[in-house]
């Protein structure tokens, strides 16, 4: 089993882990966990769309996974 290491966290967009999963905190305080396979489905659904049309949590996720997470500091 892969170790789940925190790559980057943001108070609004959520937390991205090294195994490709993500946790997002909703407005009501609930935490939603998206495993790597679910994030792959979300990325596929928005493939080809311009960045302006993608949800911010997805932009944050893809930027962190591509090594560009420092843009969110």
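The values are calculated or read from the model by the stated rules, or taken from the named source; none is laboratory data. Remember, predicted model here, so these are calculated numbers, not experimental data. Neighbour counts are summed over all protein chains in view; Cβ atoms, including those assigned to glycine, are modelled from backbone coordinates with ideal geometry.
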Subset tally (residues that are loosely packed, with under 15 Cβ neighbours inside 10 Å and either out of contact with any strand residue (DSSP E or B) (no Cβ under 8 Å at 6 or more places or on another chain) or closer than 17 Å to residue 67 by Cβ (or both)) for region 20-35: 5
Sole residue being touching a helix residue (DSSP H, G or I) at 6+ places or on another chain (Cβ under 6 Å) and without any contact (Cβ under 8 Å) to a residue 24 or more places away in the chain, chosen from 15, 21, 70: 21
Counted residues, region 35-73 - those being closer than 20 Å to residue 5 by Cβ, outside any helix (DSSP H, G or I) and modelled with pLDDT of 95 or more: 1
Boolean, residue 13 is surrounded by 15 or more Cβ atoms within 10 Å (Cβ to Cβ) and at pLDDT 95 or above: no
